[in-house]
Amino acid sequence: EQQVQQSPASLVLQEAENAELQCSFSIFTNQVQWFYQRPGGRLVSLLYNPSGTKQSGRLTSTTVIKERRSSLHISSSQITDSGTYLCAMENTNTGKLTFGDGTVLTVKP
Amino acid sequence: EAAVTQSPRNKVTVTGGNVTLSCRQTNSHNYMYWYRQDTGHGLRLIHYSYGAGNLQIGDVPDGYKATRTTQEDFFLLLELASPSQTSLYFCASSDRWGHGDAEQFFGPGTRLTVL
């Protein structure tokens, strides 16, 4: 069973549209971290969100721990936002991060 | 932000070869991790460490050894490389772990090809 599920698997937007990415996890966690990655590139930490809502620029993460879900909202998307967005949850019992397979975002002009 | 560097950035070896991947972090983090990433998949944890001399087994440890020589340096060892170990390898570090305050910072990755 995959412990971290992300949806959608891929998303295509027109520039300036908003994006909503979802992450759900099968076991309890107290930490969710969202990352951005270009193909073959470094993972860049976007938001570290134990619970509630956290914002950084055009990015907003909302995590509801008791419902085992987190979302990443990207407002006014730009072409440079294209890439893969990964969410990862920390297993409260072991402390290890488990990653989802990612959402591939393509923003077109 | 934590500074995590990896070397080499690219490596090609043959089946049965001996490979060492290096990772250094310069922000005095206690915890370091090695992951592999394969096309279409998320990252999978190979080994991790709490500090110098410590090693913990991750989720996909078979065929890999690791050693943490100092707080800064963490090495991943492939003593008999196989084509199934062709992958993109990432190192990461964090200040704490298991406390709900353990943001991880990643290196640029090493692309390993085993022929």
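Points to keep in mind about this one:
- Annotation: of all residues in the range B:28-46 being out of contact with any Leu (no Cβ under 6 Å at 6 or more places or on another chain) and modelled with pLDDT of 95 or more, the one that is nearest to A:Y36 (Cα to Cα) is B:R36.
- For the range A:21-48, the set of residues classified as part of a strand (DSSP E or B) and either more than 19 Å from B:G42 (Cα to Cα) or small (G, A, S) (or both) consists of A:S24, A:N30, A:S45, listed by residue number.
- Every residue from the range B:30-62 that is small (G, A, S) and closer than 21 Å to B:R111 by Cβ: B:G40, B:G42, B:G58
- Check on A:K54, more than 10 Å from every other protein chain (Cβ to nearest Cβ), part of a strand (DSSP E or B), out of contact with any Pro (no Cβ under 8 Å at 6 or more places or on another chain) and charged (D, E, K, R): yes
- Filter result (at pLDDT 85 or above and not in a strand (DSSP E or B)) within the range A:79-109: A:I79, A:T80, A:D81, A:S82, A:G100, A:D101, A:G102, A:P109
- A:K66 vs. criteria more than 10 Å from chain B (Cβ to nearest Cβ), within 20 Å of A:L97 (Cα to Cα) and buried (at least 16 other Cβ atoms within 10 Å of the Cβ): no
- Residue within the range A:54-62 that is touching a Cys at 6+ places or on another chain (Cβ under 8 Å) and of a type in the set (S, T, Y) present: no
- Matching entry among B:N10, B:N18 (being closer than 12 Å to B:S87 by Cα, loosely packed, with under 15 Cβ neighbours inside 10 Å and polar (S, T, N, Q)): B:N10
- Pairs where the first residue, in the range B:37-59, is farther than 26 Å from A:Q5 by Cα and the second is part of a loop (DSSP other than H, G, I, E, B), C-beta under 8 Å, 6+ apart: B:S49/B:L55; B:Y50/B:N30; B:Y50/B:W97; B:G51/B:N30; B:G51/B:Q71; B:A52/B:T69; B:A52/B:T70; B:A52/B:Q71
- The criterion of being assigned to a strand (DSSP E or B), exposed (fewer than 15 other Cβ atoms within 10 Å of the Cβ) and either at pLDDT 90 or above or more than 12 Å from the chain's Cα centre (by Cα) (or both) does not hold for A:Q6.
- Residues that are at pLDDT 90 or above and within 18 Å of A:P8 (Cα to Cα) do occur in the range A:44-60.
- Residues being exposed (fewer than 15 other Cβ atoms within 10 Å of the Cβ) and either at pLDDT below 90 or touching a strand residue (DSSP E or B) at 6+ places or on another chain (Cβ under 9 Å) (or both) - total across the range A:69-78: 2
- Residues being surrounded by fewer than 16 Cβ atoms within 10 Å (Cβ to Cβ) and either modelled with pLDDT under 90 or touching a Lys or Arg at 6+ places or on another chain (Cβ under 9 Å) (or both) - total across the range A:19-37: 4
- When residues in the range B:56-94 are screened for being within 14 Å of chain A (Cβ to nearest Cβ), outside any strand (DSSP E or B) and under 17 Å from B:S7 (Cα atoms), 1 of them pass.
The values are calculated or read from the model by the stated rules, or taken from the named source; none is laboratory data. Quantities reported herein were computed from a predicted structural model and do not represent experimental measurements. Counting neighbours? That spans all protein chains shown, and the Cβs are built from the backbone with ideal geometry, glycine included.
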